Amino acid sequence: MSDNERGAGGDEVGLPRATVNKLISEILPDEYICSKDTKDLVAECCKEFITLISSEANEICEKDAKKTISPEHITSALKQLGFDDFIDEVEDINRVHKAQAKKDNLKRKNKLDQSAFTQDELAAQQEMLFAASKARFDAGQS
C-alpha cells in the first residue's frame with residue numbers, strides 16, 4: 001500500500017477495493033466491464049469525497065465546540081459543499097440506522113433480562129474466562 005493511501009495514524013483511508021468493485025458491478029449493466037485503472041480512479045474519487053465531507057463536518061463540529069461529529073454535522077457539510085441533493089437520502093439512511101440500532105439494543109437488553117444469571121454472576125464468569133485465557137497465554141510464553 002502506498003503512503004498516499006494511509007492516513008497520518010497509519011490507518012487506511014477510503015473504501016476497501018472489494019467494496020468499490022462491488023458498487024461498480026452493481027451499477028454497470030452486465031454487458032459492460034470496467035478496467036482496473038477506472039476502478040482505481042473511482043476508488044480515489046470516493047476517497048477524496050469522503051475526505052472532503054469529513055473535513056468540512058469536522059470544521060462545523062469544531063465551530064459548534066463539539067468533540068464528536070454528529071449526523072447533523074455531515075448534513076450541514078453536504079449543504080455547505082453544494083451536495084444538497086444527497087441530504088434527504090442521508091437523513092433517510094440515518095433514520096433507518098437509528099431504528100435498527102434501537103432494535104438491536106432492545107434485543108441485547110431482552111437477552112440479558114432473560115438470562116438465567118444475574119449481572120454479578122455474568123461478570124464473575126467473564127473474569128474467570130479472562131483469567132483462564134491469561135493463564136493459557138502465560139503458559140505459552142514460557
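Set the Förster radius R0 to 30 Å, insert the Cβ-Cβ distance between D37 and N58 as r into 1/(1 + (r/R0)^6), and round the FRET efficiency to 0.05.
Efficiency for this residue pair is about 0.45.
If you fit an axis through the alpha-carbon atoms of helix 36-63 and take the longest principal axis of the Cα set of the chain, what angle between them do you get, 0 to 90°, nearest 10?
Its long axis makes an angle of about 70 degrees.
Taking the Cα centre of the stretch 86-142 as origin, work out the dipole magnitude from +1 charges on Lys and Arg Cβ and -1 charges on Asp and Glu Cβ, in debye rounded to 20.
The dipole magnitude comes to about 160 debye.
Please give the length that would be gained between E72 and C46 if that part of the chain were fully extended, namely 0.36 nm times their separation in residues minus their C-alpha to C-alpha distance (nm, one decimal).
Values: separation 26, 0.36 × 26 = 9.36 nm, distance 2.09 nm.
My answer for the length gained is 7.3 nm.
Within straight cross-link reach of K107, meaning Cα distance under 28 Å, which lysines are found once same-chain residues fewer than 8 apart are removed?
K98
Round to the nearest 10 and give me the degree value, 0 to 90, for the angle of helix 119-141's Cα axis relative to the longest principal axis of the chain.
Orientation of helix 119-141: about 80 degrees from the principal axis.
Separation of the stretch 33-83 and the stretch 86-142 by C-alpha centroid, Å?
With the stretch 33-83 and the stretch 86-142 each reduced to a Cα centre, they are spaced 30 Å.
Among C34, C45, C61, which one shows the biggest mean-square fluctuation in a GNM of the chain, springs joining Cα atoms closer than 10 Å?
Result for the chain, Cα springs under 10 Å: C34 fluctuates most.
For the chain, what's the relative contact order in percent, using C-alpha pairs closer than 8 Å and at least 6 residues apart?
Once normalised by length, the contact order is 13 percent.
Mean residue ellipticity at 222 nm from the helices of the chain, using -39,500 (n - 2.57) per DSSP H segment of n ≥ 4 over the full residue count, to the nearest 500 deg cm²/dmol?
Per the formula, -25000 deg cm²/dmol.
Per 0.36 nm of contour for each residue apart, how much would the distance between I27 and A116 grow if the chain were fully extended, relative to their Cα-Cα spacing?
Numbers: separation 89, 0.36 × 89 = 32.04 nm, distance 4.86 nm.
Fully extending the segment from I27 to A116 adds 27.2 nm.
Between L106 and A124, what length comes free when the chain is fully extended (0.36 nm per residue of separation minus the Cα-Cα distance, one decimal in nm)?
Stretched out fully, the L106 to A124 stretch lengthens by 4.1 nm.
Bear in mind that the values in this text are calculations on the coordinates, not laboratory data. All values reported here derive from a predicted model rather than from experimental measurement. For neighbour counting, all protein chains shown are included, and Cβ atoms are generated from backbone atoms with ideal geometry for every residue, glycine included.
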